[in-house]
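Colleague: My questions will all concern the structure given below.
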Amino acid sequence: MWALSLVPARYSAMSMGYVDLGGGPGELAPHTHGAGYGEAPLVEVTDLTEGSSRAPDVSVTLTAARGAIRLGDGDAIDGYTLNGGTPGPEIRARVGDLVEVTLVNTDIDAGITLHWHGIDVPNAADGVAGITQDALAPGESQVYRFVAKDAGTYWYHSHQVAHEQVRRGLLGAIVIEPAAAEAGAPVDVVALAHLYGAAHTINGAEGDLHVDIPAGASARVRIINTDNGALFAWLGSGSFRVLAVDGHDLNGPSDVSDAEVRVPAGGRVDLLIARPADGSSVRLHLGGPRGVVIGPADPEPVRAPTGQVDLLSYGEPAPAPFDATAPDRRFDYVIGRRWGFLDGRPGAWWTINGHLYPDVPMFTVEEGDVVMMRLANHSGQAHPMHLHGHHALVLSRDGVPSTGSPWWVDSLEVLDGEEYEIAFVADNPGIWMDHCHNLPHAQEGLVAHLAYANVTTPFLLGGDAKNEPE
Amino acid sequence: MRTTYKVLAYTICVLVGVQAASHAWASAGLGSWVEGGGVLDSTAFESDESLFPEMAGFGIHAMNGMMIIPFVSLILLVIALISRTRKAMQWAGLVLLLVGVQIFLGFASFGVAALAILHGLNALALFTCALTAGRIGMRVDAPAVAAAAPAVEGS
Ligand SMILES: [Cu+2]
């Protein structure tokens, strides 16, 4: 049992665990599946690119290096920087833009990558070490190209030794704006929350972020939670509206005055906040120690309200763009915890459908499938589950159907004892991680993959590039 | 063998003491860190960061409780089985059972906090059992003490 738990020094994600077809067609496969799956020819992840040679509209070079991160109390921690700072530069693009980012590794020995969290990029640009690329060794570089499709709030971060590299600074914000500037749009504010050491920061600085806008004007505050635990946002006075979640606008958002909103690890929430016409200022709390202050004054902090915005019933319903009632595949993603060996180490480890990593399901689909997934958690702790390359529609929680706005997610927190049904269209071929974004949990084995039946990867986990995406 | 059994049983007593001490140390460290302006919220709680030095106490508690104590308890039972001393086996078995209950309660209290109360009380029961095992576990010919054992000796 101990020997069986050992993970080989190099292995393909394609040979990981067992194939789960979710009740759809496909051969019950040899472990190295791919060949002989339907009529579609075999495709490598490296071929799943943006596909054009078009000149980029937004071109950014990000140079990663080791560096000390200075904290407010004068202490410094060893970390990583992008273009000399952390978080890295905020990237802005408009819908339709071709974004081209060149990542350069100066001296980070473990290797690095960049993943575009929440952006449904082509698989070759997903930036997962050992799945869609090799980690970049010092001196190496890589170009990521994708077309900005969905306006919204996103972030980027390393997906090599992610539990350590994200915490220590390899991250930044990326915002996709609508194709054309909208007249009268609220003032745009990014609030990227990150914990460096024990320092809670917004956009890299401790303390409050001050945004001075005229009385009566409004701000769109884009909250990005880059940490491993949930972040809670609430207003000191007045009301806000939840404009968007995970890069997707909500339909018919209403005013919220007496509740906080949960931003799961990895998740984003955009809030609309008006500065009162009487000229007073408002404080948006982000967790305990800091916030965004709108207006010139410095309102006193207040305690969090006991109520919480429930996105299952918030906003107005709208028809779904696909029929989720008759899915082509149904998958279970049931999280538990039990005693066992993970790569030879004894402990109480996370399980997926009762199995310990790497003996986990490979959720296998074909392009065009409507997929329903049941996410259930009986593990004793909460898990913010992140699916790469797709956005899923929340159908129900604990059997109660969604009655509010269509609620699209890429980062959905499943609390202990909860069960969600989500659905998505398999419209982005590739091999995609589907994992917990409490990154130490991912490192403890809470990782599975969604694989399109005809896609294969030449990259190896472990191996010469020491690929270790978690 | 009798000495080994005794030493292991008393070792468990000491390790249970380490459990109480490490958790108290970490809790006190958390208190003074918060007093000094530290903020513990979900993002800090779930981070891998060492927020304050005494936080190591939580790590010691987890490692000692999930690895070392179960391991020593298992060895205690093995020694008892080899010795074929009925009372030694009974007490070692009870120690291992309480260790299992203790770990279960520790994890279950993440979901139901009230179970942590039982976790604390069960620690005392475990300490007492290990102490008793060390004192009388292998004494087969001491009727005064044997009467204190839960089961009656066959002779
Ligand atoms: Cu998790």
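Colleague: Looking at (1) within 14 Å of another protein chain (Cβ to nearest Cβ); (2) hydrophobic (A, V, I, L, M, F, W, C); (3) more than 30 Å from A:Asp47 (Cα to Cα), which is the one condition that is false for A:Ala162?
Modeller: (3)
Colleague: Check every one of the helices (runs of 4 or more DSSP H) wholly within region B:41-149 and list those with 3 or more residues that are surrounded by 14 or more Cβ atoms within 10 Å (Cβ to Cβ).
Modeller: Working: elements: B:42-45, B:56-63, B:69-83, B:86-111, B:115-136, B:143-146.
Per the criteria, B:42-45, B:56-63, B:69-83, B:86-111, B:115-136.
Colleague: Within region A:225-242, how many residues are more than 16 Å from A:Arg290 (Cβ to Cβ), in contact with an Asp or Glu (Cβ under 7 Å, 6 or more places away or on another chain) and away from chain B (no Cβ under 12 Å)?
Modeller: Residues meeting the conditions: 2.
Colleague: Which condition from (1) more than 8 Å from chain A (Cβ to nearest Cβ); (2) under 22 Å from A:His163 (Cβ atoms); (3) over 26 Å from the mean Cα position of the chain (by Cα) is the one that B:Ser42 breaks?
Modeller: If we test B:Ser42 against (1) more than 8 Å from chain A (Cβ to nearest Cβ); (2) under 22 Å from A:His163 (Cβ atoms); (3) over 26 Å from the mean Cα position of the chain (by Cα), just (1) comes out false.
Colleague: For region A:170-180, does any single residue satisfy the condition of being of a type in the set (Gly, Ala, Ser), within 14 Å of chain B (Cβ to nearest Cβ) and in a loop (DSSP other than H, G, I, E, B)?
Modeller: The answer is no; no qualifying residue exists.
Colleague: What strands (runs of 3 or more DSSP E) completely inside region A:231-298 contain at least 2 residues that are in contact with a helix residue (DSSP H, G or I) (Cβ under 9 Å, 6 or more places away or on another chain)? Break it down stepwise before answering.
Modeller: On the way: elements: A:231-235, A:240-245, A:259-263, A:268-274, A:282-286, A:290-294.
Filter on region A:231-298 gives A:231-235.
Colleague: Also, quick follow-up: Can A:Gly399 be described as away from the ligand (no atom under 14 Å from the Cβ), more than 14 Å from chain B (Cβ to nearest Cβ) and crowded, with 24+ Cβ neighbours inside 10 Å?
Modeller: It is false that A:Gly399 is away from the ligand (no atom under 14 Å from the Cβ), more than 14 Å from chain B (Cβ to nearest Cβ) and crowded, with 24+ Cβ neighbours inside 10 Å.
Colleague: Any chance region A:420-438 includes a residue that's out of contact with any Gly (no Cβ under 8 Å at 6 or more places or on another chain), within 16 Å of the ligand (Cβ to nearest atom) and at pLDDT below 95?
Modeller: Checking region A:420-438: not a single residue is out of contact with any Gly (no Cβ under 8 Å at 6 or more places or on another chain), within 16 Å of the ligand (Cβ to nearest atom) and at pLDDT below 95.
Colleague: Quickly run through region A:348-380 and pick out the residues that are in a strand (DSSP E or B), away from the ligand (no atom under 15 Å from the Cβ) and under 30 Å from B:Ile103 (Cβ atoms). Break it down into steps so the answer makes sense when it comes.
Modeller: Our first condition is that a residue be in a strand (DSSP E or B); within region A:348-380, this holds for A:348-352, A:355-356, A:361-365, A:370-377.
Right, trim to away from the ligand (no atom under 15 Å from the Cβ) and you get A:355, A:361-365, A:370-374.
Correct list: A:His355, A:Pro361, A:Arg374.
Colleague: Restricting attention to region A:424-455, which residues are surrounded by fewer than 20 Cβ atoms within 10 Å (Cβ to Cβ) and either among the charged types (D, E, K, R) or more than 14 Å from every other protein chain (Cβ to nearest Cβ) (or both)?
Modeller: Correct list: A:Asp427, A:Asn454.
The values are calculated or read from the model by the stated rules, or taken from the named source; none is laboratory data. Keep in mind that this is a model prediction, so the values were computed, not measured. We place every Cβ from the backbone using ideal geometry, glycine too, and count neighbours over all the protein chains shown.
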